[in-house]
């Protein structure tokens, strides 16, 4: 039997809204909290947030889709954000991205890899140390293809259980 969208309720999203007094002007904060707790912002969370904050689903989805920090589906255990802006491009970001995509057999933004969510971003505020990246909210500067591959190898080692 099909479920009507109006019967879907995400209790964690509703609790996040309540922690912000169900105020529509706290939408970004609510979305960040849902993202941090669930790892993504689901359809059920969007419907629940819209209901709790008295916004349309289109308004909530518009914010989720506009900001690159929000994911609509679960990602990998690690998130690697690569800066692809001009300053980083000028010092080799394209070569770093190509090496990583080849190693992971994944394209940025496609969720192709089960453990590493690869994303292109357009400024991490670390231009002086480009090419810049961020691994699980930890900034990395002066990234080279070789260094990037060593970092990925370290992640695979930890995922395999050996420390």
- Task: Tell me which residues, restricted to the stretch 107-132, are over 19 Å from residue 70 (Cα atoms) and crowded, with 20+ Cβ neighbours inside 10 Å.
- Result: 130, 131, 132
- Message: Condition first: outside the structural domain of residue 113 (by TED's automatic domain parsing) and more than 17 Å from the chain's Cα centre (by Cα). Can you find one or more residues in the stretch 37-44 that meet it?
- Response: yes
- Query: Which members of the stretch 42-54 meet the condition of being part of a helix (DSSP H, G or I) and surrounded by 16 or more Cβ atoms within 10 Å (Cβ to Cβ)?
  - Reply: 44, 45, 46, 47, 48, 49, 50, 51, 52, 53
- Hand me the list of helices (runs of 4 or more DSSP H) wholly inside the stretch 55-138 holding 2 or more residues that are within 29 Å of residue 23 (Cα to Cα). 57-66
- Which residues, taken from the stretch 11-41, are at pLDDT 95 or above and not in a helix (DSSP H, G or I)? 20, 21, 22, 23, 41
- Restricting attention to the stretch 139-150, which residues are part of a loop (DSSP other than H, G, I, E, B) and within 25 Å of residue 71 (Cβ to Cβ)? 141, 143
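The values are calculated or read from the model by the stated rules, or taken from the named source; none is laboratory data. Predicted model only: the values in this text are computed from it and were never measured. Backbone-built Cβ (ideal geometry, glycine too); neighbour counts: all protein chains shown.
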